[in-house]
Amino acid sequence: MTGLNRRFRPKGRNWPLIWSYVIECGGSTKTTSVTSMAVIAALRGYRSVVFDLDSNMSSSLVLGYDKTALKGKKTSLDLIYGTATLDEVALPARYRIGEGYDDDAFAFIPNLRVVPSSPAMAGADTAIAEDPDRNDWFAEILHAYEGDDTVFHMDFPASYGRMPYSVLRMMDEDDFVIPSIKADPKDVRLVQGLIEELERVRDKNRNRRSVPGRPTLNHMLLTGTPTRTYKEAAARRAAQQAEALYGSILLPYIRYSADAKKLYEDECPLPVLLPNSNPSVDYRKVMTHLGFTELAA
Ligand SMILES: Nc1ncnc2c1ncn2[C@@H]1O[C@H](COP(=O)(O)OP(=O)(O)OP(=O)(O)O)[C@@H](O)[C@H]1O
Ligand SMILES: [Mg+2]
């Protein structure tokens, strides 16, 4: 871990920053934000891991692994059951540049690994309920960690169950809770539920010494914001509401782009697929704002 800036190991701990892109809101742009921010950091020289914890496997797909590619591979569910280590599960992130599944059908993204998900992750909450020891799956990974990653990017399903709880309780104030929401009044309204959920996690862990238990809503991404050509009144209204309620934690806006949908068709992260699109420009601005400037080679 020589040369790794200490800001990536707050309070001298041995594990990376934890960034949880979480909100109980389907299709709110969590996965687009997770994959874009992690890829931009990786291309600028920062090592990190994306944990795909959603049974829809979206970030696995965008980072190069569909169901066929994952046949026989370990997944995030193995981490929850404790049947594999992080290094056994994490795969090099890549994106499709050709047909088939040989290595030459993909370009590899340096500095980035993905913990792939599986459809069976839909049962993660139940698996934890069946055996309370499994609540510690993420704590075990952190305590055993010895690498030099800067950030663990956590992509969650759109619900607050036992699995998200097992991650959120391991977060400290230095870590980020970053809801990524669309500029839509409905999405803005759902942030209050996240605030209540975080409060519940903090309350439950207040007197525990073995877990940090301090997930803190300290950043927010607003996506699909109006542009010169995209002038939805609802999007403008949502941006005003977000500014009024959460102005102090709002990151630079991620503007609307109809092309953003292509990332799933093309199995490729947005900053690679459409590097000059408005959202890619804006995600780069966000990462610069967060201090992830280009590292000297
Ligand atoms: N800046 C943007 N402008 C317009 N559309 C966008 C933008 N960013 C993402 N989208 C689109 O919004 C949709 C939902 O995005 P995404 O899959 O990232 O959300 P999610 O919160 O991860 O969803 P889920 O709850 O299903 O996991 C996708 O079709 C995506 O392409
Ligand atoms: Mg998603």
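The values are calculated or read from the model by the stated rules, or taken from the named source; none is laboratory data. Please read these numbers as outputs of a predicted model, since none were measured by experiment. We place every Cβ from the backbone using ideal geometry, glycine too, and count neighbours over all the protein chains shown.
Going through segment 262-271 one residue at a time, which ones are part of a helix (DSSP H, G or I) and modelled with pLDDT of 95 or more?
270, 271
Out of 235, 244, which single residue is at pLDDT 95 or above and in contact with a strand residue (DSSP E or B) (Cβ under 9 Å, 6 or more places away or on another chain)?
Working: 244 fails: in contact with a strand residue (DSSP E or B) (Cβ under 9 Å, 6 or more places away or on another chain).
Matching residue, one of 235, 244: 235.
Inspect all residues belonging to segment 139-162 and state whether any of them is closer than 15 Å to residue 193 by Cα, more than 16 Å from ligand 1 (Cβ to nearest atom) and not in a loop (DSSP other than H, G, I, E, B).
no
Can you pull out every residue in segment 1-43 that is more than 17 Å from residue 166 (Cα to Cα) and in contact with a helix residue (DSSP H, G or I) (Cβ under 7 Å, 6 or more places away or on another chain)?
The answer is 25, 28, 31, 32, 34, 35, 36, 37, 39, 40, 41.
More than 16 Å from ligand 2 (Cβ to nearest atom) and modelled with pLDDT of 95 or more: is that true of residue 155 in this structure?
No; evaluated as a whole, the condition is false for this residue.
Go through segment 168-183 residue by residue and tally those that are within 16 Å of ligand 1 (Cβ to nearest atom) and either within 26 Å of residue 122 (Cβ to Cβ) or not in a loop (DSSP other than H, G, I, E, B) (or both).
Final tally of qualifying residues: 6.
Please go through (1) surrounded by 19 or more Cβ atoms within 10 Å (Cβ to Cβ); (2) more than 15 Å from the chain's Cα centre (by Cα); (3) of a type in the set (Ser, Thr, Tyr) for residue 180 and return the number of the only condition it doesn't satisfy.
(2)
Out of the residues in segment 99-140 that are surrounded by fewer than 20 Cβ atoms within 10 Å (Cβ to Cβ) and of a type in the set (A, V, I, L, M, F, W, C), state the one that is farthest from residue 39 (Cα to Cα).
The residue in question is 129.
Of the residues 54, 66, which is within 16 Å of ligand 1 (Cβ to nearest atom), part of a loop (DSSP other than H, G, I, E, B) and under 21 Å from residue 162 (Cβ atoms)?
Selected residue: 54, the only one of 54, 66 that is within 16 Å of ligand 1 (Cβ to nearest atom), part of a loop (DSSP other than H, G, I, E, B) and under 21 Å from residue 162 (Cβ atoms).
Counting only residues that are assigned to a helix (DSSP H, G or I) and either in contact (Cβ under 8 Å) with a residue 24 or more places away in the chain or more than 16 Å from ligand 2 (Cβ to nearest atom) (or both), how many does segment 217-261 have? Let's see the steps before the verdict.
Within segment 217-261, the first condition is being assigned to a helix (DSSP H, G or I), and the residues that meet it are 233-249, 258-261.
Subsequent filtering for residues that are either in contact (Cβ under 8 Å) with a residue 24 or more places away in the chain or more than 16 Å from ligand 2 (Cβ to nearest atom) (or both) retains 233-249, 258-260.
Count: 20.
Return the only residue of 65, 46, 21 being more than 16 Å from ligand 2 (Cβ to nearest atom) and at pLDDT 95 or above.
From the options 65, 46, 21, the qualifying one is 46.
What tally of residues in segment 5-40 results from selecting those that are crowded, with 19+ Cβ neighbours inside 10 Å, more than 8 Å from ligand 1 (Cβ to nearest atom) and among the charged types (D, E, K, R)?
0
Of the residues 76, 118, 36, which single one is in contact with a Leu (Cβ under 6 Å, 6 or more places away or on another chain), hydroxyl-bearing (Ser, Thr, Tyr) and either modelled with pLDDT under 95 or closer than 19 Å to residue 169 by Cβ (or both)?
76
Check off (1) in a loop (DSSP other than H, G, I, E, B); (2) more than 26 Å from residue 288 (Cα to Cα); (3) more than 16 Å from ligand 2 (Cβ to nearest atom) for residue 87 and give me the number that stays unchecked.
(1)
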